[in-house]
Structures are given as C-alpha cells and as structure tokens.
Protein chains: 2
Amino acid sequence: MTLLLNNDDVEAVLTMPDCIAVMEDTYRELAKGAALSRTRSDSFCRTARSDALYSLKSMDGVAPKLGVGAVRINSDIITWPVEGGTERRVKVPAAPDARWVGLVLLFSTQNGEPLAIFPDGVAQRMRVGAANGLGVKYLARKNARVAGLLGSGWQAGAQAMAVCAARKIDVIRCFSPNRSNREAFAREWSGKLDVEVIAVDSPEAAFAGADVAMCATNSIDNVFFRRWLKPGLHVSAVKRPELEVAAMKACDMLVIHNNVGSPTHLFTKGVSIPEKAENKGWMLAEEIGFDTLPTLPQLIAGEVAGRTNDNQITCFLNNLGLGLQFAAVGSIVYRKAKERGLGREFPTDWFTQSVHP
Amino acid sequence: MTLLLNNDDVEAVLTMPDCIAVMEDTYRELAKGAALSRTRSDSFCRTARSDALYSLKSMDGVAPKLGVGAVRINSDIITWPVEGGTERRVKVPAAPDARWVGLVLLFSTQNGEPLAIFPDGVAQRMRVGAANGLGVKYLARKNARVAGLLGSGWQAGAQAMAVCAARKIDVIRCFSPNRSNREAFAREWSGKLDVEVIAVDSPEAAFAGADVAMCATNSIDNVFFRRWLKPGLHVSAVKRPELEVAAMKACDMLVIHNNVGSPTHLFTKGVSIPEKAENKGWMLAEEIGFDTLPTLPQLIAGEVAGRTNDNQITCFLNNLGLGLQFAAVGSIVYRKAKERGLGREFPTDWFTQSVHP
C-alpha cells in the first residue's frame, strides 16, 4: 500500500526530538558519503497573474541507511509585494480552495516502491527547526537557559521546539513587528512547550540576557546585527539575509548547513526575479566565502570541532535546504503513520507499472 | 480534482501524431527560451540485492504555453547482467507484484495545482518516438517510403509509429536477434499500422533499400555502422551508443536532441556503475563534440537548415531525454483523459495544503 498523508497526520507523528535524532544520524551519513542530496532547482515562468511568477521547484535525497529516497516538489505562484519599502517573497495560495502546493514523495531504496506521498508544509518547518536545533546542540553553551527569538510565524514555532529539544531552556523572549502576532505566539508556545514564552517589544529586549539568539523571520533584509553579539552567545538563522554580514564575520565560529552547491535557477526569456529579494543570499555567499566554511554534517561527524569554551561566539546559518532532509524526516513520518494507521492507503499498483520504463 | 491515470489510460488517449504535434510546438518554445527543462539527475546507492543498485532519477520541465509543468521520477533497482559477453542495463521489477516505478506529476502553471499523476512507461516511449519522428520529419527525404528498424521491443513500436506519422511509409523491415520476438513484432505492427512490417534475419536485410534506418535497441554497444551509410539515407538512434562514431562522423548532417547539459550523477561512497554500460554515451559526447552540434529545437525553429538535397546523409541522435517532454505529452494526456472521463479522480485538496510551505 502507498500511504497518502496530510499535514495533520505528519504533525501527529513527527516530534522535534525524533526529527533531530534522525537528521543527526543522516547528516553523519552524508559526511561519510553514505547519503546523497541533489541540489534544488527552480524553474520560473509567467503565469495568469501579471504581478506573479510560476515556480516549479524540486530537490531529491537518498538515505540508504533508512532505506528511503525522497523527491520534494513545490509548485508555486509567487509574488514580491513591497511592504514598508521592502520587497517580500510571498507565495500565493492559488490552488483550489486557496491552498498551496508542496509534495514529498517517498520511495523504498530496497525495492523502489512508492511508500508515501505527503504535503511538505509541516515536514518543511520541522526539518528547518531540526537543523537549527542541531546547530544549538553542537555550538551553543551547554548551560544555555535563555533564548531570544525574532519572528512569530510558521518557522518560529519549529525554532522554539528545536532550541528546547537541544538545551534545557527556561525562557524564550519573542519579538516580531506585529504585537498581536507575537502575543499569540507567546500564549500558544507557552502552552505547548514546558518553558515560559514572553512577547517583548523590541529585538533588543528579545536578546537581552539571551544565551541563544534565533532568527526565524520571513525577512529578506538583515534582522540581526553585530552590535548584539556578546561573549558566549550562539546565533542561529534560518535564512541567509537575516544576519548582517558584519555579524557573521565577527563570530568566532560560523557553521553553515551545507555546501552541496547553489540551486539551479531557470527562467523563461524576459523573466527575472527581484534582485534584492532573491539574490541577496547568493551575494552574501560570495562575500562570506561559503565554500570554505565548516558545515553541519562535518560538525556532527567530528570533522571539525565545535565550541571549545564558554566565551566563544558561535553562529549557525541554515543557508540552503537539502532534499535529503525530506528522506530522513519522511522515514519517520512513514513508519509512525503506518504504526498508527494514519492516512489513506492506496494499492501500490496505482503508482507502479507493468512496463519497463 | 487531481487525476490518477494508468498506462492503459495514457495509451488510450495519446496518439503519435498528437504527440509529435505538441512536442514540435514545445521544442519551438524551448528554442525561443519560452519553455524550460531541468536536466536529469540520477542518485545511486546500494540496495538489498548485492548485484544491483538503487537509482532515484528526476527531471523537470515547464511549458508555459501549454500551462503545465511536469516532474518525472524513476525509482529503480538496476542490474548490469552480462549477456553474450556484453553488459546490459536491466531494471528489475522489484516493486510489489513485480512492477516498475516511474511517475509523472503534472502541475498547472496558472494556479500551481496538481493536475494529474501517471506512470511514465507509455509516455516515455511515445516522447522518444515523437522526438525521433521529428528527426525524420525535418531530416529524411520527403519521398522516403522504406524504413529499416533494429529492435523489436518497447521502444521499437514507438519508432514504427513515429516514422509512419512523419512520412508515407510502405514497408518497415525489422531485425532483432531473437527470431520469435521480431516475428511477433512484425505481426503486431502490421496490424496496428497501415504498412507492411516484415521480420528479416540480419541488420543488412533490414537496411537494404531503406530510406530511413532506425535503431531502437537496448544495446550498450554499437549496432549501426558506417558501412551501411548510402546517399540519401536518414539514420535515427534512440541511444548514444547505438551508432558507431565513424558512422556519425561520416554523415553530412548530424543533429542531436538537445544540449541542455549532462545529467548529474551522484553516488554513495564506494558505489560505481559499470564503466562500459553507462559511460560510453558520455565518452561519445566528448569524441563527437556535442556542444557544437545543431539540436532538434534549433532545427524546428529554423535556426539551422535541415536537408537541402536528396543525396545528403542525415542523422538524428536522441542523445538525452528532457523533463520538458513530459510536460508537453502530459498536457495532451490530461486534457484528453478529462474529456473522456478516464482515470481516478481525487479531491485536489488531498495533494495541496493550507499551510505556507
């Protein structure tokens, strides 16, 4: 049977500690050359809306130890509205019933069969959270107790889960520009996590006394600055532009997620994406020299040392997602969903064929 | 609704003339830069069988004029058995019920929604046939009447359809090493096509008097040689190694399918694929200098001239498949299947999500 799951199913079975554990082991495999990840590709063309582009994005990964391969696909209508003088990248829920389109297909490396199909939404934020959680685990001070968090959206929740899974956190101070959003976030996550989550009214208040500074925003401009660094801090970002370059350069240790290579960007003729919104990350890559930086898999595999004393300032930048993350997370989702009888079961024959392709 | 189709559905709606027509127009779009194709990637690792590897293959394409994007995925267990002193690449039907795994996912470029999911088997041979059929249309003599064909398998049938769609063919002479296979092929296709298909007992007999020489084999060794060239002939191959390099070099005009770039091959540590079986094509590419050769999209767009007289020897080599072909073919499959009410309809919501991914 091939399992079709929805985000509720994924959320029901995927805990942050499990996610961190499976990804930790899979990064070790990647460092050994025992797992594979095919870099993302994005294809852009015009669409019905004159202010939007269509984007078809795909990435693959194979985790032999887990017995799975995964392909993650996003089929998006994207706009770049200007808000408060800044361009933001916004995916439009243009599919029927105002929904988004992102799918993970999971296959067996033992017999090739399609094991499961599920939306990428929950898995996507959990794998981002888990990667940054591993950054905290390997780089933050062991006695870290206080986290500051910028952002109160979809990614911020996963970051809150992740930091609490990696360290014994007592308090998370959260800032985001919209007061009601950050207060709602504080209420929700105080309930869900066994920590005090407090909404504060400035980034400075979020980071005051923090051992870990986490950025989980949708911003394409810098949100974390050098002036906020202090001895012993661990800084964590989910997107390249979040961190001021000067801040990254001033850290004692900067670790990136991976250096498997830049995504492939294809455009139909005459089509381009807003320079500032999309290219800042890549320009940053050149300025910082990503090729020479240690990566999370290297750190986990012990190929590079982590923090060596409590005064160092460390930084983890989740520079680019990997298809492999969806294989790792997918293996947990599939196994647990099967155990619990979740999802819709289809005959595997519906997704296989009797002809040699 | 999202349509789930099987190969019977695809076969029922996909005619070779339609396939050729939609691909011809889509290649024109590609030449203009108005369509996109992301080159294939293959990831290889070990699997349960010690004599086999697992391969996860993917390719994408976007055809804005047709309003669709497609991702094609293959999840295969592959062996390289030696038969008659020669290695062959054989995909093992290892999925439940002894089946293969190849899927096409079709998306709308207008709203991103998943339109259809179907196995790649029939679509795959139709798009190979149609590409070579376009080679015949643009390169063979207008008065071509006789076709020679090497091969009697899955691809050979599509090549027979294609040459008949492109020229008014009277007779196809078919050779393959196994007598009963070639005789069965002749019976089947004499019935299906309005031409005489004759099984012959040597390649020479197949090509005697032929205006078009078509190779549609599973061979990883040369099957067509320079000594069989003669004025006015059009040579057609579905795989790189089929043609002796000397034969290609001796043609007046050699057109390849595309030069979007070599596939990405990823291997886990210690894993490799048989040099001869897999690398011959790429070595060939270097020897022939694929980068400088005219391509089918250029030929169709009129950027390069086709045959200019009846004595020229022309050659079309289908060097590498494109994800874009599955978008083009998929658009026909989807539209016609909808019209005829074929396939299983699922709520689109099952494949979309309410969270911003």
Exercise for the section: Name the one entry in A:S50, A:S43 that is outside the structural domain of A:S262 (by TED's automatic domain parsing) and in contact (Cβ under 8 Å) with a residue 24 or more places away in the chain. Expected result: A:S43
Practice task
Among what's in the stretch A:308-357 and is surrounded by fewer than 23 Cβ atoms within 10 Å (Cβ to Cβ), β-branched (V, I, T) and in contact (Cβ under 8 Å) with a residue 60 or more places away in the chain, pick the residue that is nearest to A:W228 (Cα to Cα).
Solution key: A:I313
Practice task
Determine if the stretch B:77-85 includes at least one residue that is under 23 Å from B:A158 (Cβ atoms) and either in a helix (DSSP H, G or I) or in the same structural domain as B:A158 (by TED's automatic domain parsing) (or both).
Solution key: no
Completion exercise
Taking the stretch A:27-57 and the residues there that are under 30 Å from A:C164 (Cβ atoms) and open to solvent by less than 10 Å² (accessible area, probe 1.4 Å), the one that is nearest to the other protein chains (Cβ to nearest Cβ) would be A:A35
Practice task
Quick one: A:E242 ticks every box in (1) under 21 Å from A:C174 (Cα atoms); (2) free of Cβ contacts under 8 Å to residues at least 24 places away in the same chain except a single one, so which number is it?
Solution key: (2)
Exercise for the section: Just need a number here: residues in the stretch B:93-107 that are open to solvent by 30 Å² or more (accessible area, probe 1.4 Å), under 28 Å from B:A328 (Cα atoms) and more than 7 Å from chain A (Cβ to nearest Cβ). Expected result: 1
Exercise for the section: Mind listing whichever residues of the stretch A:302-327 are more than 14 Å from chain B (Cβ to nearest Cβ) and within 30 Å of A:L4 (Cβ to Cβ)? Expected result: A:N318, A:L320
Problem - A:R127 touching a strand residue (DSSP E or B) at 6+ places or on another chain (Cβ under 8 Å) and outside any strand (DSSP E or B) - result: no
Fill in the blank from the handout: Flagged in the stretch B:17-26 as crowded, with 21+ Cβ neighbours inside 10 Å and hydrophobic (A, V, I, L, M, F, W, C), in numbering order, are B:C19, B:I20, B:V22, B:M23
Exercise for the section: Mind telling me which of the residues B:E183, B:E196, B:E188 ends up being touching a residue at least 12 places away in the same chain (Cβ under 8 Å), surrounded by fewer than 18 Cβ atoms within 10 Å (Cβ to Cβ) and within 21 Å of B:V235 (Cα to Cα)? Expected result: B:E196
Practice task
Evaluate the stretch A:333-350: report whether one residue or more is in a loop (DSSP other than H, G, I, E, B), in the same structural domain as A:V13 (by TED's automatic domain parsing), out of contact with any helix residue (DSSP H, G or I) (no Cβ under 6 Å at 6 or more places or on another chain) and closer than 15 Å to A:P114 by Cα.
Solution key: yes
Practice task
Considering only residues that are among the aliphatic types (A, V, I, L, M) and open to solvent by 20 Å² or more (accessible area, probe 1.4 Å), look in the stretch B:1-16 and name the one that is nearest to the chain's Cα centre (by Cα).
Solution key: B:A12
Handout entry: Which numbered condition A:I73 misses (of (1) in contact with a strand residue (DSSP E or B) (Cβ under 6 Å, 6 or more places away or on another chain); (2) more than 8 Å from every other protein chain (Cβ to nearest Cβ); (3) without any contact (Cβ under 8 Å) to a residue 60 or more places away in the chain)
Key = (2)
Handout entry: Subset of the stretch A:108-166 (residues that are within 12 Å of chain B (Cβ to nearest Cβ), open to solvent by less than 20 Å² (accessible area, probe 1.4 Å) and in contact with a His (Cβ under 8 Å, 6 or more places away or on another chain))
Key = A:G121
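The values are calculated or read from the model by the stated rules, or taken from the named source; none is laboratory data. Computed from a predicted structure; not experimentally measured. Positions of Cβ are generated from backbone atoms using ideal geometry, with glycine treated the same way; all protein chains shown enter the neighbour counts. Side chains are part of the model used for accessible areas, which takes the heavy atoms of the whole protein and leaves out ligands, DNA and RNA. Shrake-Rupley method; radii C 1.70, N 1.55, O 1.52, S 1.80 Å.
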